[in-house]
Every structure is written in C-alpha cells, then in structure tokens.
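Where a number appears in this text, it was derived from the coordinates with a stated rule and is not lab data. Computed from a predicted structure; not experimentally measured. Note that each Cβ is placed from the backbone with ideal geometry, even for glycine, and that neighbours are counted across all protein chains shown.
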Amino acid sequence: MKKVEDRYKELKDTIAYHANKYYNEDAPEISDFEYDMLMLELKSIEKEHPELITSDSPTQVIVASGKVDSHFKEVIHKIPLQSLQDVFDVSGVLDFTNRMEKVVSNPTYVVEAKIDGLSVALEYKDGIFIRGATRGNGIVGEDVTINLKTISSIPQKLKDKIDITVRGEVYLPKKYFEKINEEREIMGEKLFANPRNAAAGSLRQLDPQVTANRNLDIFIFNVQELREISFFSHYESLKFLEQQGFVISPYLKKCNTSNEVIAAIEEISNMRGSFPFDIDGAVVKVDNLNQREEIGVTTKVPKWAVAYKYPPEKKETVVNDIIIQVGRTGTLTPVAILAPVNVAGSTVSRATLHNEDFIEEKDIRIGDHVLIQKAGDVIPEIFEVLKEKRTGTEKKFSMPTKCPVCGANAVREEGEAAIRCTGIECPAMLFRNLIHFASKEAMDIEGLGPAMVEVLLDKGLIKNIADIYTLQYNDIQTLDRMGEKSATNLINAIEKSKNNSLEKLINSFGIRYIGTKTAKVIARNFKNINEMLNAKYEDFIKIDEIGEVMANSLVSFFSSPQTRDLIERLKSCGINMESQGYNTSDGRFLGMTFVLTGTLPTLSRSEATKIIESFGGKTSSSVSKKTTYVLAGDEAGSKLDKANELGIKIINEEDFKKMYQKVEQN
C-alpha cells in the first residue's frame, strides 16, 4: 500500500507541474497523450483506493487557465458592461412589457437580433480608436486593442472628433467558422463547438496575426459613454453611431406595443437561417433613455431590457442510412443520411453521429423516425429517437473494422471513443499526413507547408508521401507564385531532408501515441528501420519509456502493408534509414535518468541532453524517486529542494564532465 501511496503523490505533483507548464507558461514539456496517460493512471488509483483522494487532486479541482489572462492588461470599465436577463417564452416577454408599462407611461421598444459573440468596449479619443477591451466580468476586462485593430469593420477614425465609448459584439461569420474547423480537423486539433467559442478564442490570441487570419467581424449595439452629445432614444443613438462609421445591429425595429414586440421576435426567428452569422435570440429594450433612468438597473442587469432566447427548432425526419466518413486525421465518423427537412432556415439531409458510443446511447437505427435540431443554430444533430414509431423493420448499425477508403484496419484504442484508420497511405488522410511529414518537428522540409501541399495535390504532382522525393524543379517552378528562387529552395530542402536522423523519420510517420521524445528513444534502441519492421511486441515493451499502448501501436504500424510499401519507396529515394544515435559500445548512462535545472557554465541544455542520450541515458523534466542525478547550474529552482527531499544526488557541470569524459578501464 505504501508503494501505491507514493505513486499517487508522485502523480499529483507531476501532473500539477505539467499543468502549470501548459496553462500558465505556454511551454508544455510532454505531449497531450502523455499528460492524459498520467491522468488516467491517477484516476485508476483513485477508483481502486478512494480513501487516497485529496482535495488538491487534479480530479477534484478545475485546472484553470486564469493566469493566462495576465498576458493582457486589465481595463476597468467606467460604465459596467452588464449582462441581460434571459426569458425563454412569449409569456416571459409579456411579463417584461407589463412591468415596463406599470413603471413608465407609454413605453416604446427597440427589438434587435442578439448576435452570439464576444462583448467588447471600444474607446475613442478625438474620434481616434485608442483602446478596446473584452467584457471580462463586466467591471474588469482585458486590453485586446491590438487584436481588435485587425477587424476591418472597426473604424480607426470616426466622422467627428468626439470622445466616445461604445459597446459591440465581436463574432465569427458562419462560413469562416466552418473553414477554421476544417483546418483544425486537418491538423488534428480540437474543433470549436460553435462560432461564439471560436470568436472568443480568436480575439484573445497573443499573436494578432492569428486573430487577423480568423476574419472576425463586429456589430455595435450601444453608446456606453458620450458627454458632448445627448440622445432622446436608443434608436436615435444607434443611427448616430451608423453615421460615425460603425456597423450597427443588422436587425433593428421600433415597436409601440407588446404585440409588435412579439411580431418582431417572430420575424427574427424566421430570418435566422438566412443570417450569415449566428444569433441566439432577440433583445428587447425600452427605447426612451429618460425612461430607462427611471426604470433603473440591478447590480447585474438593467431592468429596462431582456434577452429572448430562441428554443432550438426541432423537426421530425427519417434516418434513411448511416454511412462512414473518414476524416483527415483518420477518424471514422458515422453520418446519418436523412430525409431532407427544413430546420432553422436551411435544408438538412445529413447529421453527424459522432461515434459508436453516441449511436448506442441514443439507440439510433437505420429507418428510425427522429427529431433533429441545429446545435447553436449551425450544426445539425439528432436530438431524440421516436421509438414509439418503430415498425420492427429498423436495422441496427455496426462500425466497420476496416477503413472504407483504403481497407486498412480500423481500431479503437482503450479509453477512446473514436475509431481510426491505421493506414499511413490512406487517401482520406493524405493531406494531413503530408503536412505532418514535412513539418519542422518531422522531416523539416521548409517551404512545404499546408498551402503548397494543397497546390501539389490539386495539380496531381503528389499522390503519396514518397512522391515528395520525385518532385522536379520544373514541376514546382511553373506553379502560381513560385519563382526560380522559391522552386530551388524547396527542391534543396527536400534533398536535404534525405539525410535527416532516423528519429525525425520515425516522428514524421505520425505513429499513434509516438511523439518526438519517444521517436528519439526508439532510434536509440534500434540500429535501423529494418529492425523495427521485424520487431515484435516484446522488443518494444522492454524499452523503459515504452508502455503497452505504445508497443501495440508500433507493432500495428510497422506490420501494416501500407507502412512497408511506403518505407520501401522512401528507401529507393535515398532517405536515411540508419540510426545515428544507436550506441552499443558505451552505455555508461543506461538505466539512468537525469534532471537538468538552472543554467550550466558552458553547456546548453540541449547539448547536455544529447551527451546523456548518446551514452544510453535519458532526461526528465521533473524530479522523482526514479531520478538518478540532478544536474544543476546557476539559478536552479525548486527542483533542488525536491532532490534534497528525496535524497537524489546533485551534480554540477564539472562532475558531469568527469562522468562522460572518463576513459573506460580495460
């Protein structure tokens, strides 16, 4: 039991360290998978021994990224950016208008489409845009001025030289949302759930160029502060903003009665599908600004406005078939082929079923009558199966065990919901595989980025990874925007990559669960690629850094006919297949783990790491009982305390040099 307790504490400390590196320092030292595996082991221990669970366990607290906000300056909003009270049906709207009529005489209203985006405040001095901030908590926001300046519809200079603060909603048009998610899928990144999340993530980027590439837009919907000019009504103030150069709310209607308010809400509902942006409701505001003062506000919301939230529109249809779509990361996604039906303004004939767990959970069968809706008014989804309408002719669906595109094995790893194709030459994954193969961490072919890969595929110049090495200067030089110098540079980069280390080649294959660090370990333990092709599970699992999941993945990959075919083609192109780091003559550091901390007098960390690995040792980012030595330099931090606490030997650079420069005695 003592061993389990020690491992539990070690896991908590290690996970906390890596969480801090990822969320707060933006400098992760391990892959997402490695981090997930640590969490999985922790959860497993807690499941078996719940008495060990403590309040500081990563499973008991939310890993917050709040400290990342410190990258932005705080902005105190002079006028709080309040949220709105939500209502969800017509009776809620009528309750609101009835209250208004009891407080003020003959109120009139403005109804606006409620854009689903990220609220911001824009400040202008003498008509010049000087600062923009997120809403934050309504009182304190983040200075994102440099990112807001990338949004072309935000005027940098107003018509008049006025000091004004306005409030708007930054949003991402639907077409760009779909494009961004397509790109994220290609790169194997997590998809944004909806345009609002995408807009928020885009606006809060530390690199303004990323924000600029996201094609954000904005609508302005309120004057927060303006001393030089006063207005009688909200509607009048919006028209003034429009004259100054702002893009105001796309739907704006004045209403004199509650019936007109309800009609305007219904009109917006009917228009939802035609808007090129996402909306999640309609905002009803008292128009007269003096009446607003009389009605007042609470600490959280204004009393003179409500937000009507549209319920997702649900329509009945039939599942005519279920097909498999292979994504560019190799994920096999079941898709329902539906009897066409109009939902939220557009015709829907397909809906993703995510994975086999989703199908089983909802018990979706071919021939079922179902209710569908659009998640976030954008993505069609099956909401409910109408089981009472079953006739007995419905058919259950089973996920395939082979990729429908290339015929390679389709596998589901333990603990995952997705089933993936294992074929490295699968046409469905070719674009993504080519990008990864040429990336800096892999074969490092400068100039062969996503745009160039796309052009080469479109022109039919490459049809598999090995075709990269058959490209000719004349093939490239004739492409759009490719001059003599660019073509020469790319050909030279391709030729140079042939001499890369074996570890880079291994990493370039994109083997499931195998990242740069593990690729280096593998290259150190095998003489060449042929040994890997002939290796069995036992050969991989005996390597300390490789666990069962990794070993199985390696065996599956290297035994695949597609893999063997690709490797033979790469060999014929002259790609290096020999390990340059394999060392059988001197393994003096075999079985040893070094932790480097602080600044060494003459060696860089990468140089010290290379020396350790050349003699069979390995490095780790955190101190544990498995650590053999802590190699410490100037300004060494908390790792020294941890080493002393655990009784780990601490050495300096001079000690280290004696260890690797000593001459072996005969």
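At 0.36 nm per residue, minus the direct Cα-Cα distance, what do Glu360 and Glu441 gain on full extension? Give it in nm, one decimal, please. All intermediate terms of the calculation are to be shown ahead of the outcome.
Details: separation 81, 0.36 × 81 = 29.16 nm, distance 3.89 nm.
Computed gain between Glu360 and Glu441 is 25.3 nm.
Calculate the length of the line joining the C-alpha centroid of region 467-529 to that of region 189-231, in whole Å.
Centre-to-centre (Cα) distance: 38 Å.
For the chain, calculate the relative contact order in percent as a whole number, restricting contacts to Cα pairs under 8 Å that are 6 or more residues apart.
Averaging sequence separation for qualifying contacts and normalising by length gives 9 percent for the chain.
Lone cysteines in the chain, defined as no other cysteine's Cβ under 4.7 Å from theirs: which are they?
Here Cys255, Cys573 come out as lacking a disulfide-compatible partner, given the Cβ-Cβ threshold of under 4.7 Å.
Using a ≥ b ≥ c from the Cα gyration tensor of region 312-418 (square roots of the eigenvalues), is it rounded, prolate or oblate, where a/c under 1.5 gives rounded and otherwise the larger of a/b and b/c decides, a/b for prolate?
prolate
If you wrap region 427-572's Cα atoms in a convex hull and average its projection over all directions, what's the area in nm²?
Computed as one quarter of the Cα hull surface, the answer is 8.5 nm².
How much length is gained if the chain between Asn409 and Asp207 is pulled fully straight, taking 0.36 nm per residue apart and subtracting their Cα-Cα distance, in nm to one decimal?
Details: separation 202, 0.36 × 202 = 72.72 nm, distance 4.02 nm.
Computed gain between Asn409 and Asp207 is 68.7 nm.
Over the chain, what number does the Rg to Rh ratio reach, with both radii from the alpha-carbon atoms and Rh per Kirkwood?
Ratio of gyration radius to Kirkwood radius: 1.02.
Suppose the Debye formula is applied to equal point scatterers at every Cα of region 74-309; what is log10 I(q)/I(0) at q = 0.09, 0.15, 0.16 Å⁻¹?
Log10 of I(q)/I(0), two decimals: -0.39, -1.07, -1.20.
Apply the Karplus parameterisation 6.51 cos²θ - 1.76 cosθ + 1.60, with θ equal to phi minus 60°, to every residue of region 109-125 and state each ³J(HN,Hα) to the nearest whole Hz, in sequence, with x for glycine and proline.
With the stated coefficients, region 109-125 comes to 10, 10, 10, 10, 5, 8, 6, 8, x, 10, 6, 9, 10, 10, 10, 10, 10 Hz.
Can you give the calculated 222 nm mean residue ellipticity of the chain, where each DSSP H run of n ≥ 4 adds -39,500 (n - 2.57) and the sum is split over every residue, rounded to the nearest 500 deg cm²/dmol?
Details: 24 runs with 241 residues, N = 666.
Result for the chain: -10500 deg cm²/dmol, rounded to the nearest 500.
What does the charge count near Arg227 come to, summing +1 for each Lys or Arg and -1 for each Asp or Glu among other residues with Cβ under 15 Å from its Cβ?
-3
Taking the 0 to 90 degree range and rounding to the nearest ten, how far is the long axis of helix 561-572 tilted relative to the main principal axis of the chain, both from C-alpha atoms?
Roughly 70 degrees between the two axes.
Of all DSSP beta bridges located in region 593-661, what percent are antiparallel, nearest 5?
If I count the DSSP bridges inside region 593-661, around 10 percent turn out antiparallel.
Would you tally the net charge around Ile366, using a Cβ to Cβ cut-off of less than 11 Å, leaving Ile366 out, and scoring K and R as +1, D and E as -1?
Here the charged neighbours net out to 0.
Return the loop-located GluC sites (Glu not before Pro) in region 168-239 (DSSP other than H, G, I, E, B) with at most 16 other Cβ atoms within 10 Å of their own Cβ; answer none if there are none. Don't jump to the answer; show the numbers that get you there.
Details: sites: Glu169, Glu178, Glu182, Glu183, Glu185, Glu189, Glu225, Glu228, Glu236; in loops: Glu189, Glu228.
Of the GluC sites (Glu not before Pro), the ones in loops of region 168-239 whose Cβ has at most 16 other Cβ atoms within 10 Å are Glu189, Glu228.
Could you compute how fast region 117-235 diffuses translationally, taking Rh as the Kirkwood radius over C-alpha pairs and applying Stokes-Einstein at 37 °C with viscosity 0.692 mPa s? Give it in µm² per second.
Roughly 216 µm²/s, to the nearest whole number.
Label Ile323 and Phe615 with points 7 Å out from Cα along Cα→Cβ: what is the distance between them in nm?
6.1 nm
Exactly which GluC sites (Glu not before Pro) in region 574-641 are in a DSSP loop and have at most 10 other Cβ atoms within 10 Å?
Of the GluC sites (Glu not before Pro), the ones in loops of region 574-641 whose Cβ has at most 10 other Cβ atoms within 10 Å are Glu635.
Could you work out the local net charge near Ile529, counting Lys and Arg as +1, Asp and Glu as -1, over the other residues with Cβ closer than 11 Å to its Cβ?
So the surrounding residues net to 0.
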